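A.B. asks: Sharing a structure below in structure tokens format, with a few things to ask.
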Amino acid sequence: MTMIDTDARTTDPMVEPATAVETASAATDVEPVFHLRGVRYVYGRRQVALDGIDLDIRPGERVVLLGANGSGKSTLLKLLDGIVSPTSGTMTALGRDIAAVAGGLDAFAFHREVGLVFQDPDIQLFSATVFDDVAFGPLQLGLTQDEVKARVDEALAAMEIAHLADRAPFELSGGEKKRAAIASVLSLRPDVVLLDEPTASLDPRTKWVLVTLIRKLGDQGRTLVTATHELDIVPIIAERVVVIGEERRILADGTPESILADRDLLVRANLIHEHLHEQGRTIHVHPHEVDEHHPHDEATHRHPI
Ligand SMILES: Nc1ncnc2c1ncn2[C@@H]1O[C@H](COP(=O)(O)OP(=O)(O)OP(=O)(O)O)[C@@H](O)[C@H]1O
Ligand SMILES: [Mg+2]
């Protein structure tokens, strides 16, 4: 794990110089999907959301952005999706200058390759039926009706919600809405999927079903970047964890095992609270196998996440 020193006064021997952001998986010659240097984002004139982000994400990496409320996770995903551009610093996505994408240059082509699933599924679902929402992107591509239907069927199948195709989005449960929102992004067949708090406010079984589906998306070779503050889903969906601290900078970058074992780091990032954290409780870190017939999928056995 690379610890990033955000406080010059620290004497922690674990802390390495602030330039050493690269992880083992990032230290290759492969062109990064996302390349950020010194990225700062300020809302309005004063509200600093990100304050000096150095980050490379390589093709096929499954990354979790882990941070407390307000640490800047959603803002970072909006930057990666080219919805906004940095206030300062340099940033490219798929080799393009993100400021140009955010300004509209080739934005549609970019969004065929990079899709963002918003924190609030109600932003993503606006059509009369789930089918129409999932068909929306492919229809913009000018595909034939048969091609659109094939895309929709594929995306609904990936999220295991074919049975919801004719339902109105507002009639769905929270978990069903999340799956429909992800399907509406998958129907464009993006290589890069950005997920903002996909499991927030889901019950344990629904959460398990969703993380299993997200894991499968990563196993198919996509680049996946998921923002969350829920520690228990991290080892299932990620091989790399980037911790954003409340200083709005990267605090650490490493494997799920090393990050989740570092209690001091998690307290410092406000991901666990020293008074709320149970004595002796360890965080569940072994990687789960994805299995259609995983016993925890059964209604009678709730997985403890
Ligand atoms: N539209 C906005 N206008 C002004 N400030 C904003 C806006 N959106 C976010 N912020 C501020 O930017 C900072 C980072 O917010 P962001 O939503 O990126 O955090 P987050 O890590 O996604 O939080 P959460 O876990 O609560 O979703 C916060 O201080 C927040 O108040
Ligand atoms: Mg957020």
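A.B. asks: Looking at the structure I just gave you, is Val234 assigned to a helix (DSSP H, G or I), in contact (Cβ under 8 Å) with a residue 24 or more places away in the chain, closer than 28 Å to Gly72 by Cα and in contact with a Pro (Cβ under 6 Å, 6 or more places away or on another chain)?
C.D. replies: In short, yes.
A.B. asks: Just to be sure I understand the filter: pairs with C-beta atoms under 7 Å, separated by 6 or more residues or on different chains, first member in the range 150-170 and over 12 Å from Val185 (Cα atoms), second member aromatic (Phe, Trp, Tyr). Which pairs pass?
C.D. replies: Ala165/Phe131; Asp166/Phe131
A.B. asks: Shifting gears a bit: Among the residues of the range 114-126, how many are within 15 Å of the chain's Cα centre (by Cα), more than 14 Å from ligand 1 (Cβ to nearest atom) and of a type in the set (D, E, K, R)?
C.D. replies: Total meeting the criteria: 0.
A.B. asks: Would you be able to say whether some residue in the range 31-50 is within 16 Å of ligand 1 (Cβ to nearest atom), modelled with pLDDT of 95 or more and either touching a Phe, Trp or Tyr at 6+ places or on another chain (Cβ under 6 Å) or under 20 Å from Val117 (Cα atoms) (or both)?
C.D. replies: yes
A.B. asks: Could you run through the range 57-66 and say how many residues are surrounded by fewer than 23 Cβ atoms within 10 Å (Cβ to Cβ) and within 13 Å of ligand 2 (Cβ to nearest atom)?
C.D. replies: Going through the range 57-66 one residue at a time, the tally reaches 0.
A.B. asks: In the range 197-225, which residue that is within 17 Å of Glu113 (Cα to Cα) and in contact (Cβ under 8 Å) with a residue 24 or more places away in the chain is surrounded by the fewest Cβ atoms within 10 Å (Cβ to Cβ)?
C.D. replies: Gly221
A.B. asks: If you don't mind, there's one more thing I want to ask. Restricting attention to the range 212-227, which residues are under 15 Å from Arg179 (Cα atoms) and among the small types (Gly, Ala, Ser)?
C.D. replies: Let us first name the residues in the range 212-227 that are under 15 Å from Arg179 (Cα atoms), namely 212-217, 226.
Within the range 212-227, no residue meets the criteria.
A.B. asks: Can you pull out the residues in the range 75-109 that are more than 15 Å from Val42 (Cβ to Cβ), of a type outside the set (A, V, I, L, M, F, W, C) and buried (at least 20 other Cβ atoms within 10 Å of the Cβ)?
C.D. replies: Selection gives Asp81, Gly82.
A.B. asks: Same structure, new question: Tally up the residues in the range 231-270 that are within 29 Å of Leu213 (Cβ to Cβ) and surrounded by fewer than 20 Cβ atoms within 10 Å (Cβ to Cβ), please.
C.D. replies: 8
A.B. asks: Same structure again: Kindly evaluate Asp166 against the criterion of being surrounded by 23 or more Cβ atoms within 10 Å (Cβ to Cβ), outside any helix (DSSP H, G or I) and not basic (Lys, Arg).
C.D. replies: no
A.B. asks: Do you know which residues across the range 36-52 are part of a strand (DSSP E or B) and more than 16 Å from ligand 2 (Cβ to nearest atom)?
C.D. replies: Keep residues of the range 36-52 that are part of a strand (DSSP E or B), which gives 36-43, 47-52.
Once the filter is applied, which keeps residues that are part of a strand (DSSP E or B) and more than 16 Å from ligand 2 (Cβ to nearest atom), the range 36-52 yields Leu36, Arg37, Gly38, Val39, Arg40, Val42, Asp51, Gly52.
A.B. asks: Which one is nearest to ligand 2 (Cβ to nearest atom), of the residues in the range 67-91 that are outside any helix (DSSP H, G or I) and under 12 Å from the mean Cα position of the chain (by Cα)?
C.D. replies: Among those residues, the one meeting the criterion is Gly67.
A.B. asks: Could you check the range 68-110 and list, in sequence order, the residues that are more than 16 Å from ligand 1 (Cβ to nearest atom), among the small types (Gly, Ala, Ser) and touching a residue at least 60 places away in the same chain (Cβ under 8 Å)?
C.D. replies: Within the range 68-110, Ala93, Gly95 meet the criteria.
A.B. asks: When the residues of the range 112-135 are narrowed to those that are of a type in the set (Val, Ile, Thr) and within 16 Å of ligand 2 (Cβ to nearest atom), which ends up nearest to Glu197 (Cα to Cα)?
C.D. replies: Val117
To keep it simple, each residue is scored yes or no on (1) outside any loop (DSSP other than H, G, I, E, B); (2) on the phi < 0 side of the Ramachandran plot.
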position: Leu105; (1), (2): no, yes
position: Gly115; (1), (2): yes, yes
position: Asp122; (1), (2): yes, yes
position: Asp132; (1), (2): yes, yes
position: Ala181; (1), (2): yes, yes
position: Arg189; (1), (2): no, no
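The values are calculated or read from the model by the stated rules, or taken from the named source; none is laboratory data. Small disclaimer: the values here were computed from a predicted structure and weren't measured. Ideal geometry is used to build each Cβ from the backbone, glycine not excepted, and the neighbour counts take in all protein chains shown.
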